[in-house]
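First comes the structure, then the notes that go with it.
The values are calculated or read from the model by the stated rules, or taken from the named source; none is laboratory data. Since this is a predicted model, take the numbers as computed values, not measurements. Note: ideal-geometry Cβ built from the backbone for every residue, glycine included; neighbour counts use all protein chains shown. Heads up: the accessible areas ignore ligands, DNA and RNA and are worked out on the full protein's heavy atoms, side chains in. Shrake-Rupley method; radii C 1.70, N 1.55, O 1.52, S 1.80 Å.
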Amino acid sequence: MADLTCSPERKCSGKLWGGRFAEQTAASVESFSESISYDWRLYRHDIIGSKAHAKMLAKQGLINEAERDAILAGLSEIEAEIRDGRFQFRIELEDIHMNIEQALTDKIGAAGAKLHTARSRNDQVALDIRLYLRDEAACLDTLLTDVQRGFVRQARANFGAIMPGYTHMQRAQPVLLSHHLLAYMEMFGRDRERLADGLKRLNILPLGSAALAGTGLPIDREFVAQELGFPAVSANSMDSTADRDFALEFLFCLSLIQLHLSRMAEEFVLWSSKEFGFLKIGDQYCTGSSIMPQKKNPDLPELIRGKSGRVVGSLMSLLMTMKGLPMTYNRDMQEDKEQLFDALDTVKASLSITAELLAHSSFDCAKMQAATHGGFMTATDLADYLVKKNLPFRQAHRVVGEIVALCQEREIELDELRLDELRRFSDLIDEDVFAVLSVEGSVNSRISTGGTAGVKVAKALARAEQQLGIA
Ligand code: ARG
């Protein structure tokens, strides 16, 4: 077995990179610069990448088959040790890459010391994060789908219920609750698409770029790409070691998911208030007050809303870290991982609790229906009624505005006016106007593509159920 320790006459730092150093690294430096306390989470992907690299080295004759097999077996053992909590991480070995490499060399000797041939931690870490995020993207897709199913199930269960639709938080036009819920189906659908689209840029092999300039050793990057399921290899070794766009894009996707959750959470908070009374969140998913015995608080949606600050913060943090970094790898980039891990943990936990929340909440359809009375929500319908009788829309808008002003003055609703009173504003108004003034009539008239009419929403719901495999 080759002696891989430092020569005794030099007090070299005992590091894998220690040859040119005459002194030990200061302990304060080790603790300031280490990343093993968090990047251990990359261990499985680091090992997957190293195995593919070792296979390539053997295929290219850079190591022999016995060395390759020893490396593969040693890495498998290390993976099991880390998984089972039997692995001793060492802070003086900085990061997951060197912890694993050192452990491998300790285990199998010289063959282990050959693993890093034609490789740098710069292309290695870029590979590990890409592999890690690729798996996380798949996991997020599953969680997003569960949330979509939650919305669609509620849309089915409450089909037909009418509620006020809002703009500026003012009652605007009546809509089906199912239409409102299916709006979230679309939002989270875009989140899934966005992640899938990001994969195009994430799913590119950086390994083989080495430190920054490529390598003179006869490697086969296409082989490694195939082993790891990458459809493409990166085109420029400098770009691929300097690039963290994929991490930023991923953080943006996470930010937007959390932002969508936050907007939904805000509605849950409002709707579960006494003032609205639209939503009942199950007792299991609420908390009480330590002083006010009557309280049932929507802490979960509040926390989901609150956590959007930290996810967007992670995106901002990495944007600022990358801003102004010259080519190529700079140690600043080590800061990417904590942001990614924290944002991922937060978004995944928020998505999974949201799916539970949706399954344990119920809507008070009578309360919602009652809220559609008051607020002149069929005023646009009355204007459209006049338009159908050939009155230019602007004139119709004005006529209805005047009718609303009268109703406001008399504190009555539009459908409480008599026909002769209505006709004083326009003789285009006939008996058939009353069908238009009901909220049901209003909802069902909105048959434009994407509109809230029952026939349209029924189709959208069926489409969503089919897409999500809900029987
Ligand atoms: N721990 C480092 C990181 O996460 C790995 C790459 C270090 N490369 C280097 N040349 N120091 O970025």
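Details
- Sulfur and carbon atoms: percent of accessible area, segment 14-150 [1.4 Å]: 50 percent
- Computed with a 1.4 Å probe on the full set of protein chains, the accessible area for Cys139 sits at about 50 Å².
- R0 of 56 Å, Cβ-Cβ distance Lys280-Ser76: FRET efficiency to nearest 0.05: 0.60
- Available extension along the chain between Glu440 and Arg156 is 100.4 nm, counting 0.36 nm per residue and deducting the alpha carbon span.
- Counting DSSP beta bridges with both ends in segment 126-250, the antiparallel % (nearest 5): 75 percent
- Computed from label points 7 Å out along Cα-Cβ, the spacing between Asp141 and Cys365 is 3.5 nm.
- Per residue, the average separation of C-alpha pairs within less than 8 Å and at least 6 apart gives segment 19-91 a relative contact order of 39 percent.
- Inter-label distance, nm, simple model (7 Å from Cα along the C-beta direction), Met316/Lys296: 3.6 nm
- Expressed as a fraction of 2.2 N^0.38 Å, the C-alpha radius of gyration for segment 155-278 is 1.69.
- Ranking of Glu34, Glu416 by solvent-accessible surface, largest first: Glu416, Glu34 (1.4 Å probe, protein heavy atoms only, all chains present).
- Rounded FRET efficiency, nearest 0.05, which uses the C-beta distance separating Tyr38 from Arg201 and R0 of 30 Å: 0.80
- Shape annotation for segment 357-431: C-alpha extents along the principal axes are 51, 26, 20 Å, from largest to smallest.
- Length added when fully stretched, Arg90-Glu402, from 0.36 nm per residue minus Cα-Cα: 104.6 nm
- Helical mean residue ellipticity (222 nm; -39500 (n - 2.57) per DSSP H run of 4+; nearest 500) of the chain: -19500 deg cm²/dmol
- Length added when fully stretched, Arg410-Lys323, from 0.36 nm per residue minus Cα-Cα: 25.2 nm
- For the residue pairs Lys59/Lys114; Lys59/Lys337; Lys200/Lys459; Lys59/Lys200, the C-alpha atoms sit more than 23 angstrom apart in Lys59/Lys337; Lys200/Lys459; Lys59/Lys200.
- Nearest-10 value in Å² for the accessible area of Lys348, using the 1.4 Å probe: 50 Å²
- Solvent-accessible area per residue, Å², over the chain with all protein chains present [probe radius 1.4 Å]: 48 Å²
- Rel. contact order, % - alpha carbon contacts under 8 angstrom, at least six apart, the chain: 15 percent
- Surface composition of segment 209-301: carbon plus sulfur atoms hold 55% of the accessible area, using a 1.4 angstrom probe and ignoring ligands, DNA and RNA.
- Rolling a 1.4 Å probe over the protein chains gives His397 an accessible area of about 100 Å².
- Estimated from the Cβ-Cβ distance and a Förster radius of 30 angstrom, the FRET efficiency linking Ser28 and Met238 is about 0.40.
- Here's the list of aspartates and glutamates a cross-link from Lys296 could span, going by alpha-carbon distance under 15 Å and ignoring same-chain residues fewer than 8 apart: Glu275, Asp283.
- Two-decimal ratio, the chain, of alpha-carbon radius of gyration to 2.2 N^0.38 Å: 1.36
- Each Cα pair under 8 Å and six or more residues apart adds its separation to the average, and for segment 109-241 the resulting relative contact order is 32 percent.
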